[in-house]
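Heads up: the structure comes next, in structure tokens.
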Amino acid sequence: MRKIAVLGSTGSIGIQTLEVIEKNKDIFNLDLISANSNYKLLAKQANKFQPKVVIICDSSKVEKLNKLIKNSKIEIFHGESSLNDFSKCCELDMVVTAVVGKSGLIPTINAIKNNIDIALANKETLVIAGRNILDLVKNNNSKILPVDSEHSAIFQCLNGEDERDLEKIILTASGGPFRGKNIDFLNTVTVKEALNHPNWEMGEKITIDSSTLMNKGLEVIEAKFLFDVDIKNIDVIIHPESIIHSMVQFKDGSIIAQLGEPDMRLPIQYALGYPKRLSNSYKRYNFIDSSLNFEKPCYKTFNNLKLAFEAAQKEGNAPCILNAANEIVVSAFLKEKIKFLDMTSIIEDSLNKISYIANPNLDQLIETDRLTREYTNSMIKNF
Ligand code: NDP
Ligand code: MG
């Protein structure tokens, strides 16, 4: 039995992970779950799966959670520090990092230091501190298995290959709800329109990131670190159907792709079961009566993608600045404090204003994150 923790069990990835675990009860045991504040769903999950440990970050909800959990043997912890130190709570083989944004950073580092394998959904962690995380992985006995569908695809394409034969990674993008639209159109889009993704149902933050193409930008950085490739060897291509989840081109010109219906349970299941492929009865892709299309992304209209490539090229603390500024502007856009295109101009401004550090240590990255948030918030006040 593989003993699993799901951080962010009440979110889109978390809920789908629990579904995968439930379907494979004979090989997976859910030992720890966590949420930020959704105590009702967390209690429901605890009563159903009977994990050893439940963590709620928002301490004001712990009493309500306690009342709803029926088994007194389940240990309940609360506060951000409990999430950061989750590995102390019970013995674990794997953690699914399905929390959103920067909140995944310290728990991921903690997992690596404690030699727990990571099924990584929380891409922001690799964007903030990719180089530092890679170094930690090299010095410990923990594996990172990608959950992001594109990275799971690349990981599968590279299976059994010599990584020196890799020529380039071709990262596919759906293009989001505003594919093909121009700047004038983007000037007027509403939160509701941005939250309406054509192919995937996801949490709010990543849905907005998909509409601005920042999600693809974060994924470019995630791929650079996960697969240790030069940024020049990563291409982004728009593929509106989201059937090809990404591809790898080798030095002989061969391209290997991974295809399937857009369903996050697939990459989740692959990461949890790795190196075994588990069976399921999810919908199969049918080549007849369907078509696969491709377009070039417009870097001029979707400036975030350009900013992400630039930050990836610069490395140092630049991706950390990009991520922190993005988290703040997305949250402000969702609250209707700023308009759609303000997001990218504020991120660009933050990247120009916050001091660049070429080889930051973790403390310097945490400080960069703090300073960027402070600066970005001050910019938003002027809007
Ligand atoms: P959701 O917003 O749906 O869920 C986020 C989860 O994290 C919830 O359980 C939430 O708890 C918890 N959480 C939120 N903020 C905090 C915090 N500050 N501290 C601790 N816990 C917190 O997000 P998604 O599931 O969509 O995304 C999760 C991660 O996976 C992101 O990094 C995203 O980029 C990545 N990802 C998601 C995909 C998807 O299809 N959804 C695809 C590929 C990657 P609560 O419910 O209490 O708020
Ligand atoms: Mg993805």
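Bear in mind these aren't lab numbers, they're just calculated from the coordinates by the rules spelled out. Remember, it's a predicted structure, so these values are computed and weren't measured experimentally. FYI the Cβ positions are ideal-geometry reconstructions off the backbone, even for glycines, and counts take in every protein chain you see.
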Using label points projected 7 Å from each Cα along Cα→Cβ, tell me how many nm separate Ser355 and Ile183, to one decimal. 3.4 nm
Show me, for the range 6-12, the HN-Hα J-couplings you get by feeding each phi into the Karplus relation (A = 6.51, B = -1.76, C = 1.60, θ = phi - 60°), rounded to Hz, glycine and proline as x. 10, 8, x, 5, 8, x, 4
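Run lengths n ≥ 4 of DSSP H only: what is the helix-derived mean residue ellipticity at 222 nm for the chain, with -39500 (n - 2.57) per run over all residues, to the nearest 500? Walk me through the numbers on the way to the answer.
Numbers: 16 runs with 172 residues, N = 383.
It comes out at -13500 deg cm²/dmol, rounded to the nearest 500.
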Near Lys40, within a Cβ-to-Cβ distance under 10 Å, what is the net charge of the other residues, with Lys and Arg +1 and Asp and Glu -1? +3
So how many Lys-Lys pairs in the range 227-311 land under 30 Å Cα to Cα, not counting same-chain pairs under 8 apart? 9
Among residues other than Leu351 whose Cβ falls under 12 Å from its Cβ, what is the net charge (Lys/Arg +1, Asp/Glu -1)? 0
If N is the residue count of the chain, its Cα Rg over 2.2 N^0.38 Å rounds to 0.96
Report relative contact order for the chain in percent, whole number only (criteria: Cα-Cα under 8 Å, sequence separation at least 6). 14 percent
Farthest toward positive dipole pole in the range 249-357 [+1 Lys/Arg, -1 Asp/Glu at C-beta], among Asn280, Ala308, Ala318: Asn280
Calc'd 3J(HN,Hα), the range 146-159, phi into Karplus 6.51 cos²θ - 1.76 cosθ + 1.60 (θ = phi - 60°), Hz, glycine/Pro = x, comes to x, 9, 3, 4, 5, 6, 5, 4, 4, 4, 5, 5, 8, 3
List the residues, sorted by chain then number, that are 5 or more residues from Ala119 or on another chain and whose placed amide H is less than 5 Å from its amide H. Val95, Val96, Thr97, Leu145
Hey, for a label at Asp135 modelled as a point 7 Å past Cα toward Cβ, could you say which residues of the range 106-127 have their backbone N under 19 Å away? 106-115, 125-127
Candidates per chymotrypsin sites (Phe, Trp or Tyr not before Pro) in the range 282-339, loop by DSSP, up to 16 other Cβ within 10 Å: Tyr282, Tyr285, Phe287, Phe294, Tyr299
Diffing the range 163-178: the Karplus 3J(HN,Hα) column from phi (6.51, -1.76, 1.60, θ = phi - 60°), in whole Hz with x for Gly and Pro, holds 4, 5, 8, 6, 9, 7, 9, 10, 8, 8, 9, 5, x, x, x, 10
Which residue, Lys123, Lys102, Lys335, has the most motion in a Gaussian network model of the chain that connects Cα atoms within less than 10 Å? Lys335
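Over the range 146-225, what is the relative contact order in whole percent, taking alpha-carbon pairs under 8 Å and six or more residues apart? Mind dumping the intermediate values first?
Numbers: 43 pairs, mean separation 21.3, N = 80.
Across the range 146-225, relative contact order equals 27 percent.
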Using alpha carbons only, how many angstrom separate the centre of the range 261-333 from the centre of the range 138-163? 15 Å
Provide the three semi-axes, in whole Å and in decreasing order, of the ellipsoid equivalent to the range 231-375 as defined by the square roots of 5 times the Cα gyration tensor eigenvalues. 34, 19, 18
